[in-house]
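S.K.: Quick one: the structure is below, questions incoming.
The values are calculated or read from the model by the stated rules, or taken from the named source; none is laboratory data. Remember, predicted model here, so these are calculated numbers, not experimental data. Cβ: placed from backbone, ideal geometry, glycine included. Neighbour counts: every protein chain shown. Surface accessibility is based on the protein's heavy atoms, side chains included, excluding ligands, DNA and RNA. Shrake-Rupley method; radii C 1.70, N 1.55, O 1.52, S 1.80 Å.
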Amino acid sequence: MPRARFLSSILRGAVLASALAAAGLNGVTAAPAASATAAAEPKVLRYAFRVAETGFDPAKITDLYSRMITPHMFEGLYTYDQLARPARMKPLTAAAMPESSDDYKVWTVKLRPGTHFADDPAFKGKTRELTAEDYVYSFKRFADPAVASPAWSEVEELELVGLNEYHDQVRKSGKPFDYDKPIEGLRALDRYTLQFKSKETRPRLMEVFAQGDLYGAVAREVIEAYPGDSMAHPVGTGPFVLKHWRRSSLIVLERNPGYRERFYDQEVDPAPDDAEGQALKARFKGRRLPMIDRVEVGIIEENQPRWLSFLNGEYDFIERTPEDFITQAMPNGRIAPNLEKQGKQAYRTVASDVLFTVFNMEDAVVGGYTPEKIALRRAVSLAIDVQRELNLVRRGQAVQAQSLYMPGTTGYDAAFKSDMSTYDPARAKALLDLYGYVDKDGDGWRDKPDGSPLVLESLTTPDQFQRQIDEIVQKNLNAVGLRIAFKPAKWPENLKSLRAGKFQIWSLGTSASKPDGQDSLARMYSGQIGAQNYARFRLPAVDKLYDEASHLPDGPARLKLFDETKRYATAYMPYKYRGHRFITDIAQPQLIGYRRPQFWQNWWEYVDIDPDAAAKFKH
């Protein structure tokens, strides 16, 4: 009997169904005549993102949802053990862990022979092996001004000998980037040996290149075969390949038929006392990766249709159960009895993430470093009742943030407290009064110190969930005499405005991509303006602390620097850090082997779809 997988009656569900049908992927099949037929059917993982992707060129992306796709197609030198807790880095395309000089300035990586790129017409019918030169080319792309990589600032900070200088030379001359020009700090010593040389001590250099979502290898032939369209032609060495992409609607990946041999139990090493991890390792012993054949990712921005689609069995998995429905799904912190009877499984973790409101420090209204501008930002911070947002809108699925650092990363201290979490409208009013933000024309709203009208403007998204948060913020600010206007747009459009500095205020969240807290501090480092420094914050004292932390090995001295940066963040308030989320993922019974990664984004290759498990719960 035909089976329609997407509800046509639920908002974006209808769009998703149309997209699948147009792609010939709507999942309508005849009922199997025998169990052998069922066993032969492709194993398909289906779920939906809450935010649209932007594209799939690792050097050109920065958003989380694109980065959730790319590491399944591209592979970095290193990755993280899927089951190890705490996180542990391990070789992926590298043959072993890196070798470094005593001063951490020279790093050498040996590649594993026999790793190949997925087939593509750019290779003219030939099998294409991954070599050290591919990583040299891939990393050079971040330095090419024509690529305009948002991650260039992270590579720039590594100070690989000769790379920054060549980037500046090309940018100033306007000439094309010469990818054949030797760079002393980034070399292929032979076919399988890669060497990095930095001007300064870099104890954590390889953590950068363990981010396969950004630093996975691309092939030069492919990039050159699709000029200007690299976002739509991802070709890597990973376990999956892109089969269909309907922008902001549907992404379909399939198993890479030429993927090298990797076996589950050889790739994971959970702690001896990790019962769940040990059970997974035993269950999948000898299974070749990936274990599923296809992944279909839809985009449903509104929480209700995404949740209902999951409940109706159209998806195998709901990533980040919407806060609107968390009490329905997880009453008293346990999966609801009705869902448990259906075989659904819940996975709840404290996320290594942070919710924050960012102020554009270059904006004429909220930016600047003079006392009255600092007072305005701090007053806005004090006026916002974050706990109300966490309780009412997020249904208690977050704890208040006290600093820029995220749980599970260096620099985070659960015992640290600051004014980031303070809600005090009386203090907010006093600050505004003291620095001249008073109602000078008698219209009931505060004006700027020079008497001109004061209207704050915030980017926002048009979904119902965000509107609930905006209503709280608007009510809070109105209560202290401040007007705020919200400017709705799709998330990718807001991100473009953010990166270009064409905004005043925006509220969003970010997740850690590696165990070190340096990335969090990058949001206040002037060298990251246009990239991770969303606030465009510039303060020499913080830049100095950032540079010192970059070169210090892990230890008490480095932690002391991180503590000092927390005080600067609270004093200048370029960001209002609001919360760290609890994430609850829920899976249908047929999805087995899931465990939420801590920092990395690739996990599809470690899960399986078991139709027999689902059949046990059908009535």
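S.K.: On full extension of the chain, what length is gained from Ser418 through Lys126, given 0.36 nm per residue of separation minus the C-alpha to C-alpha distance?
M.R.: The Ser418-Lys126 span can extend by a further 99.2 nm.
S.K.: Dipole magnitude of segment 261-354 about its Cα centre, charges +1 at Lys/Arg Cβ and -1 at Asp/Glu Cβ only, in debye to the nearest 20?
M.R.: Once rounded to the nearest 20, the dipole reads 400 debye.
S.K.: Return a whole-number percent for the relative contact order of the chain, with Cα pairs under 8 Å and 6 or more residues apart as the contact set.
M.R.: 18 percent
S.K.: Can you compute the modelled spin-label distance between Asp274 and Asp441, with each label point 7 Å from Cα toward Cβ, in nm?
M.R.: 6.1 nm
S.K.: I would also like to ask the following. I'd like the FRET efficiency for Lys560 and Thr193, computed as 1/(1 + (r/R0)^6) with the beta carbon distance as r and R0 of 30 Å, rounded to 0.05.
M.R.: 0.20
S.K.: Summarise the accessible area of segment 314-383 (1.4 Å probe, protein heavy atoms) by the percent that is carbon and sulfur.
M.R.: C and S atoms contribute 50 percent here.
S.K.: Calculate what fraction, in whole %, of the accessible area of segment 34-174 sits on carbon and sulfur atoms when a 1.4 Å probe is rolled over the protein chains.
M.R.: C and S fraction of accessible area: 52 percent.
S.K.: In addition: Give the carbon-plus-sulfur fraction of the accessible surface of segment 421-476 in %, rounded to a whole number; probe 1.4 Å, heavy atoms of protein chains only.
M.R.: 51 percent
S.K.: Please enumerate, by chain and number, the lysines with C-alpha under 17 Å from the C-alpha of Lys43, excluding those fewer than 8 residues away in the same chain.
M.R.: Answer for Lys43, where 17 Å is the Cα cut-off: Lys243, listed by chain and number.
S.K.: So if we plug the beta-carbon distance of Glu340 and Lys285 into 1/(1 + (r/R0)^6) with R0 = 30 Å, what FRET efficiency do we get, rounded to 0.05?
M.R.: The formula returns an efficiency of 0.60 here.
S.K.: Describe numerically, in nm with one decimal, the distance between label points set 7 Å from Cα along Cα→Cβ at Arg499 and at Val350.
M.R.: The answer from the label model is 3.3 nm.
S.K.: Which of the three applies to segment 498-590, rounded, prolate or oblate, going by the alpha-carbon gyration tensor with a ≥ b ≥ c and a/c under 1.5 meaning rounded?
M.R.: On the way: a/c = 2.10, a/b = 1.31, b/c = 1.60.
Oblate shape, in that a/c is at least 1.5 and b/c is the bigger or equal ratio.
S.K.: Then there's this: Work out the FRET efficiency for Asp547 and Ala489 from their Cβ-Cβ distance, taking R0 = 25 Å, and round it to the nearest 0.05. Display every interim value, and only then the final one.
M.R.: Working: r = 36 Å, r/R0 = 1.43.
Calculated transfer efficiency: 0.10.
S.K.: Checking the a/c ratio against 1.5 first, then a/b against b/c, what shape does the Cα gyration tensor give for the chain?
M.R.: In terms of gyration-tensor shape, oblate.
S.K.: Quick check for you: with a 1.4 Å probe and neighbouring chains kept, what is the accessible area per residue of the chain, in Å²?
M.R.: Each residue of the chain exposes 40 Å² on average to a 1.4 Å probe.
S.K.: I'd like the antiparallel share, as a percent to the nearest 5, of DSSP beta bridges with both residues in segment 412-549.
M.R.: Numbers: 1 of 9 bridges.
If we restrict to bridges inside segment 412-549, about 10 percent are antiparallel.
S.K.: Suppose each label sits 7 Å from its Cα in the direction of the beta carbon; what would the Arg88-Arg247 distance come out to in nanometres?
M.R.: The modelled label-to-label distance comes out at 4.4 nm.
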